[in-house]
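Colleague: Below is one structure. I have some questions about it.
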Amino acid sequence: MKRLTLILTALLISTFILAGCSDDKDETKESDNNVVNEENNDGKDNEDDSDKSASEITTEDQLDLTLGDTGKFDTTLGTYEMTVESAELLEELDGEESQFDYLILINLSIKNTSDHDLDVEDLMYSMEVTEMIDGSGFSDQSHVFESVEELTGVIKPGEEISGQFISDIYESDEYYFRERSGNVAAGGSNQVIWTIPADEAK
């Protein structure tokens, strides 16, 4: 009888121990699942944040602007307005001759219409000038010339700054100042193009 009681007691103790271990495992699994779910939710939150930060381009292209006109840019960097005030064709500047036929010097201003700061150099990096509407363009070289008013720094919301863009260019009857076509093709901006007749670039 004693032996039977001992066996039953041992079985009961074993059962309690196994049940306890099982509960611990369930708690561990539940805890692990919570961690996984939290990580998944964090991932979704991060995805939502990145979706919010990717600007949707809604502003229409402006393809027929002329000197004095203001173009509206809607880009992944933010929104801003640019006014091309005047342009000038030069054979040389600061003792530097053009590598092609002319240097084209463009006077412009930029106004930040976003709700956050904009880096002007990023905006100017996306601009180019070309004599062929379907061809590639040339970027700003204002940092090379001492007398050119380079556009740099940060523009705060609502602020406006003025400066200059300069680049080598081939001789042509007209020139096009625009957002880089590659940036537009990649969905980084709407397209904005100014047509500058050679006889107005004086």
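The values are calculated or read from the model by the stated rules, or taken from the named source; none is laboratory data. Just so it is clear, the structure is predicted and the values come from calculations on it, not from any experiment. Don't worry about glycine lacking a Cβ; one is built from the backbone with ideal geometry, like all the others, and counts go over all protein chains shown.
Colleague: Just checking, which of Ser139, Ser167, Ser126 is in the same structural domain as Gly95 (by TED's automatic domain parsing), under 16 Å from the mean Cα position of the chain (by Cα) and of a type in the set (S, T, N, Q)?
Modeller: Ser126
Colleague: Could you check segment 165-191 and list, in sequence order, the residues that are closer than 17 Å to Leu105 by Cβ and in contact (Cβ under 8 Å) with a residue 60 or more places away in the chain?
Modeller: Phe165, Ile166, Ser167, Asp168, Ile169, Tyr170, Glu171, Tyr175, Phe177
Colleague: Asp115 fails exactly one of the following numbered conditions: (1) without any contact (Cβ under 8 Å) to a residue 40 or more places away in the chain; (2) closer than 20 Å to Ser189 by Cβ. What is the number of that condition?
Modeller: Looking at each condition in turn, Asp115 falls short on (1).
Colleague: A further question on this structure: So is Ile161 in a strand (DSSP E or B), at negative phi and in contact with a helix residue (DSSP H, G or I) (Cβ under 6 Å, 6 or more places away or on another chain) or not?
Modeller: No: the conditions fail for Ile161.
Colleague: Take the residues in segment 185-197 that are more than 16 Å from Asp64 (Cα to Cα) and outside any strand (DSSP E or B); name whichever of them is nearest to the chain's Cα centre (by Cα).
Modeller: Gly188
Colleague: Taking segment 61-94 only, how many residues are aliphatic (A, V, I, L, M), surrounded by fewer than 18 Cβ atoms within 10 Å (Cβ to Cβ) and closer than 14 Å to Gln164 by Cβ?
Modeller: The number of residues fulfilling the criteria is 2.
Colleague: I'm trying to understand the selection: among the residues of segment 173-190, which are under 15 Å from Gly135 (Cα atoms) and surrounded by 17 or more Cβ atoms within 10 Å (Cβ to Cβ)?
Modeller: Hits for segment 173-190 are Tyr175, Tyr176, Phe177, Arg178, Glu179, Arg180, Ser181, Asn183, Val184.
Colleague: Restricting attention to segment 132-150, which residues are closer than 23 Å to Asp94 by Cβ and in contact with a Ser or Thr (Cβ under 7 Å, 6 or more places away or on another chain)?
Modeller: Passing the criteria: Gly137, Phe138, Ser139, Asp140, Gln141, Val148, Glu150.
Colleague: Also, I was wondering about something else. If we scan segment 103-116, do we find a residue that is surrounded by 14 or more Cβ atoms within 10 Å (Cβ to Cβ) and assigned to a helix (DSSP H, G or I)?
Modeller: For segment 103-116, residues surrounded by 14 or more Cβ atoms within 10 Å (Cβ to Cβ) and assigned to a helix (DSSP H, G or I): absent.
Colleague: Test Gly68 against the criterion of being modelled with pLDDT under 95 and either among the acidic types (Asp, Glu) or in the same structural domain as Gly153 (by TED's automatic domain parsing) (or both), and give yes or no.
Modeller: So Gly68 does not fit the description; no.
Colleague: Shifting gears a bit: Report, by residue number, each residue of segment 95-118 that is in contact with a Ser or Thr (Cβ under 8 Å, 6 or more places away or on another chain) and within 13 Å of Ile166 (Cβ to Cβ).
Modeller: Leu103, Ile104, Ile106, Asn107, Leu108 - these are the residues of segment 95-118 that are in contact with a Ser or Thr (Cβ under 8 Å, 6 or more places away or on another chain) and within 13 Å of Ile166 (Cβ to Cβ).
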